[in-house]
Amino acid sequence: MPARIGAAIAASLVSLISVALADPSGDPSAASSTDGLYSDRQGNPTYQIGKDGTVDWYTSIGYLRYTANCLQCHGPDGLGSSFAPSLTDALQSLNYSQFIDTVTNGKQNVSASQDLVMPAFGTNPNVMCFIDAIFVYLRARSDGALGRGQPANSAPRPAGYTAREDACLG
């Protein structure tokens, strides 16, 4: 009988680990919203997409900011390029804090066969002022909730968004 319990516990752990690895940020369902930015139950920024395909403001802005700042290396729609990896794939194993750390501090992975270097963007307001929006957009792409290209319909700009944006950008 104890062997069965041990096997059941092991099976449960394997199941939990595979779910955690599939979406390290957890369930992307929106649990709350503050000024148009949705958060999941863990407090991570997340997306909200209506049945008609209308995306929240942050997903829409995330697409624009990704395109302006990240596409050059990571390719259109976060799919990667010969220069940098797919971010839609990367978010399958990176959680929100790891994503923020990588963007802020950069990353270097050098081996005999490759030299991968992500520059640090921690002092770049064009990236850091919109980091949550970029994450939200990439999370929606990584989860398969959002297709390629610019979202056709977006929720309106939340009240106070422009003032926060202006304050961040200086």
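The values are calculated or read from the model by the stated rules, or taken from the named source; none is laboratory data. Keep in mind that what you see is a predicted model, and the values were worked out from it rather than measured. Reconstructed Cβ throughout: ideal geometry from the backbone, glycine too, with neighbour counts over all protein chains shown. All accessible areas refer to the heavy atoms of the entire protein, side chains included, with ligands and DNA or RNA removed. Shrake-Rupley method; radii C 1.70, N 1.55, O 1.52, S 1.80 Å.
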Worksheet entry | Every pair of residues 6+ apart whose Cβ atoms lie under 9 Å, when the first sits in the stretch 114-137 and is in contact (Cβ under 8 Å) with a residue 60 or more places away in the chain and closer than 15 Å to Gly170 by Cα while the second is of a type in the set (A, V, I, L, M) and open to solvent by less than 40 Å² (accessible area, probe 1.4 Å) | Val127/Val103; Val127/Ile134; Phe130/Ile61
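Residues are listed down the side, and each one gets a yes or a no for (1) modelled with pLDDT of 95 or more; (2) touching a Lys or Arg at 6+ places or on another chain (Cβ under 7 Å); (3) under 15 Å from Ile61 (Cα atoms); (4) not in a loop (DSSP other than H, G, I, E, B):
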position: Ser82; (1), (2), (3), (4): no, no, no, no
position: Asp89; (1), (2), (3), (4): no, no, no, yes
position: Ser93; (1), (2), (3), (4): no, no, no, no
position: Thr102; (1), (2), (3), (4): no, no, no, yes
position: Ser113; (1), (2), (3), (4): no, no, no, no
position: Val117; (1), (2), (3), (4): no, no, no, yes
position: Val127; (1), (2), (3), (4): yes, no, yes, yes
position: Val136; (1), (2), (3), (4): yes, no, yes, yes
position: Glu165; (1), (2), (3), (4): no, no, yes, yes
Worksheet entry | Tabulated pairs, the stretch 30-45, first of a type in the set (S, T, N, Q) and part of a loop (DSSP other than H, G, I, E, B), second modelled with pLDDT of 90 or more and buried (at least 17 other Cβ atoms within 10 Å of the Cβ), C-beta under 9 angstrom, 6+ apart or interchain | Gln42/Tyr96; Asn44/Pro28; Asn44/Tyr96; Asn44/Phe135; Asn44/Arg139
Discussion item. Quick check on Tyr137: is it open to solvent by less than 20 Å² (accessible area, probe 1.4 Å) and more than 16 Å from the chain's Cα centre (by Cα)?
Written reply: no
Practice prompt. Among the candidates Val55, Val117, Val127, Val103, single out the residue that is under 13 Å from the mean Cα position of the chain (by Cα) and among the hydrophobic types (A, V, I, L, M, F, W, C).
Written response: Val103
Item to complete: Return yes when Gln72 is more than 26 Å from Gly53 (Cα to Cα), assigned to a helix (DSSP H, G or I) and either under 16 Å from the mean Cα position of the chain (by Cα) or among the β-branched types (Val, Ile, Thr) (or both) and no when it is not.
Response: no
